[in-house]
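Handing you a structure now.
Since every read-out is calculated from the coordinates, none of them should be taken as a lab result. Bear in mind that the values here come from a model prediction, so they are computed numbers and not experimental data. Cβ: placed from backbone, ideal geometry, glycine included. Neighbour counts: every protein chain shown.
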Amino acid sequence: MPSDKAEVWARVQGARETLAKQILSHPQVSLIDIGYEPVGEETTGRIVLRVHLRPPTTGQALGIPEEIDGIPVRVVSGDYHPE
């Protein structure tokens, strides 16, 4: 992995850890991951932090920031259970 990609990946992981420390313990947060920005049923090629919230909670209700360390944060609705 070229060093610029390694630096970006380290920054994204650090931002995820920062966000996880802030909100992962909240009962409405089911997952925080790193992935492509969701746009409707599609995704873009843009890497973002995705906060998966159990409905009907919104990101505004939890005070989720729009970005962490320059990494965009997006809210996704999802309540996951083992099958």
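For segment 22-83, with the dipole built from +1 on Lys and Arg beta-carbon atoms and -1 on Asp and Glu ones, taken about the Cα centre, which of 58, 32, 81 lies farthest toward the positive end?
The Cα lying farthest towards the positive end belongs to 58.
Tell me the mean residue ellipticity at 222 nm calculated for the chain from its helices only (DSSP H runs of n ≥ 4, each -39500 (n - 2.57), averaged over every residue, nearest 500).
The helix contribution divided over the chain gives -9500 deg cm²/dmol.
Which of the peptides 36-42, 18-24, 49-55, 77-83 is most tightly packed, and how do the rest follow, going by the mean number of other Cβ atoms within 10 Å of each residue?
In decreasing order of mean packing, 36-42, 18-24, 49-55, 77-83 become 49-55, 18-24, 36-42, 77-83.
Same structure, new question: With an 8 Å cut-off on Cα pairs and a minimum separation of 6 or more residues, tell me the relative contact order of segment 3-77 in percent. Write down the numbers at each step before the final one.
Details: 102 pairs, mean separation 21.1, N = 75.
Relative contact order of segment 3-77: 28 percent.
What are the semi-axes of the equivalent ellipsoid for the chain, taken as the square roots of 5 times the Cα gyration tensor eigenvalues, largest first, in whole Å?
Numbers: eigenvalues 101, 43, 29 Å².
Three semi-axes, in Å: 22, 15, 12.
What does the charge count near residue 76 come to, summing +1 for each Lys or Arg and -1 for each Asp or Glu among other residues with Cβ under 13 Å from its Cβ? Let's see the in-between values first.
Values: positive: 50, 54, 74; negative: 33, 37, 41, 79.
Neighbour charge sum, excluding residue 76 itself: -1.
With +1 on each Lys and Arg Cβ and -1 on each Asp and Glu Cβ, and nothing else charged, work out how big the dipole of the chain is about its Cα centre, in Debye to the nearest 20.
The dipole of the chain has a size of about 180 debye.
Mind pulling the angle between the C-alpha long axis of helix 3-23 and the longest principal axis of the chain? Nearest 10 degrees, somewhere in 0 to 90.
With both axes taken from Cα atoms, the answer is about 20 degrees.
Roughly what % of DSSP beta bridges within segment 3-77 run antiparallel, to the nearest 5? Walk me through the numbers before you get to the answer.
Values: 11 of 16 bridges.
Expressed as a percentage, antiparallel bridges in segment 3-77 total about 70.
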